[in-house]
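Bear in mind these aren't lab numbers, they're just calculated from the coordinates by the rules spelled out. Being a predicted model, the structure only gives us computed values, none of them experimental. Using ideal geometry, Cβ is built from the backbone for each residue, glycine included, and neighbour counts are taken over all protein chains shown.
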Amino acid sequence: MNKSYRKNKKTVGLSLRKLVMLLEGSCHCGAVRFSVQSQQPYPYMRCYCSICRKTAGGGGYAINLSGDHRTLKVEGEDYLTVYHARIQNPEDAAPFVSQGERRFCRQCGSCLWVYDPNYPDLMHPFASAIDTELPTPPEHTHILLDFAASWVEIPKLPNDRYFDRYPDESIADWHERLELTTD
Ligand SMILES: [Zn+2]
Ligand SMILES: [Zn+2]
């Protein structure tokens with residue numbers, strides 16, 4: 001078992017040799033609280049896109065985790081609002097509106113998670129909204145570097161992976177490769 005998991009008291013159980021962690025999150029004002037089960041709780045992926053930077057990343061990037069949408073529980077749902085980003089990459093002839101639902105607290109502005117209806121079993125909490133102690137990733141993946149702001153310092157670490165756009169492995173694949181999901 002991974003050491004970081006063993007430390008964490010919020011581990012809720014095993015299913016098919018995979019460890020499940022209960023992630024509890026909240027906005028800054030406390031109006032919204034949520035919990036979700038996750039098999040991919042390592043905060044390893046830094047997204048430098050302008051949406052993440054503007055809406056969630058004061059340091060120039062945001063970190064997405066992955067959770068099981070079917071287990072999502074929300075308190076204070078009335079305070080949730082949604083933002084569908086308008087996207088126009090340099091190669092796009094016209095802007096389009098993302099189907100991704102970025103959830104925020106409408107009272108304090110904390111970004112909470114992203115949900116994409118194309119992947120209805122998943123939701124992606126921002127690590128910044130999670131109150132549960134998260135395990136420390138042994139390496140990182142840096143994505144959408146084409147859109148990083150010039151002032152953002154991007155760490156150059158030997159095992160880290162760097163992508164101008166999207167990475168070649170999913171959040172689940174990353175956890176599998178590093179054997180961080182198995183007991
Ligand atoms: Zn709030
Ligand atoms: Zn992003």
Requested in this report: Mind checking the full-extension length gain between S50 and H28? Use 0.36 nm per residue of separation minus the Cα-Cα distance, one decimal, nm.
Outcome: 5.7 nm
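Rounded to the nearest 0.05, what FRET efficiency do E133 and S170 give with R0 = 22 Å and r taken as the Cβ-Cβ distance? Could you check?
Efficiency at R0 = 22 Å is approximately 0.35.
Where does each of V20, V114, V74, V152 land when they are ranked from fewest to most other beta-carbon atoms within 10 angstrom?
So the residues, fewest neighbours to most, are V152, V74, V20, V114.
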Query raised in the report: Using alpha-carbon positions, what is the distance between the centroids of the range 29-89 and the range 136-180, in Å?
Result: 17 Å
Query raised in the report: How large is ³J(HN,Hα), in whole Hz, for each residue of the range 88-100 in order, when computed from phi with the Karplus curve 6.51 cos²θ - 1.76 cosθ + 1.60 and θ = phi - 60°, using x for Gly and Pro?
Result: 9, 6, x, 7, 8, 5, 9, x, 9, 9, 5, 6, x
Query raised in the report: With θ set to phi - 60° and the Karplus curve 6.51 cos²θ - 1.76 cosθ + 1.60, what are the ³J(HN,Hα) couplings of the range 154-171 in order, to the nearest whole Hz, using x for Gly and Pro?
Result: 9, x, 9, 10, x, 9, 6, 10, 10, 9, 5, 10, 7, x, 8, 9, 6, 4
**Report entry** GNM result for the chain, Cα springs below 10 Å: residue of R103, R165, R86 fluctuating most strongly
**Finding:** R86
Requested in this report: Could you pull out every residue, at least 5 positions away or on a different chain, whose amide H is within less than 5 Å of the one on Y162? Hs are placed 1.01 Å off N in the peptide plane, and Pro or chain starts have none.
Outcome: H142
Report task. State whether the chain is rounded, prolate or oblate according to the following rule on the C-alpha gyration tensor (a ≥ b ≥ c being the square roots of its eigenvalues): a/c under 1.5 gives rounded; otherwise a/b larger than b/c gives prolate, and the remaining case gives oblate. Result -> oblate
Query - Backbone HN-Hα couplings from phi across the range 141-146 [Karplus 6.51/-1.76/1.60, Hz, Gly and Pro as x] - result: 10, 10, 10, 6, 5, 4
Query raised in the report: Fewest first, what order do S38, S110, S150, S170 take by the number of other Cβ atoms within 10 Å?
Result: S150, S170, S110, S38
Query raised in the report: Taking 0.36 nm per residue of separation and subtracting the Cα-Cα distance, what length does fully extending I154 through V82 add?
Result: 23.0 nm
Report task. Taking 7 Å along the Cα-to-C-beta vector as the label spot, tell me the E75-R161 distance in nanometres, rounded to one decimal. Result -> 3.8 nm
Query raised in the report: Of the residues E77, E24, E91, which exhibits the maximal mean-square fluctuation in a Gaussian network model of the chain defined by a 10 Å Cα contact cut-off?
Result: E91
Report task. Would you mind checking the range 51-94 for residues with the amide N under 15 Å from a putative spin-label position 7 Å along Cα→C-beta of Y119? Result -> 63-70
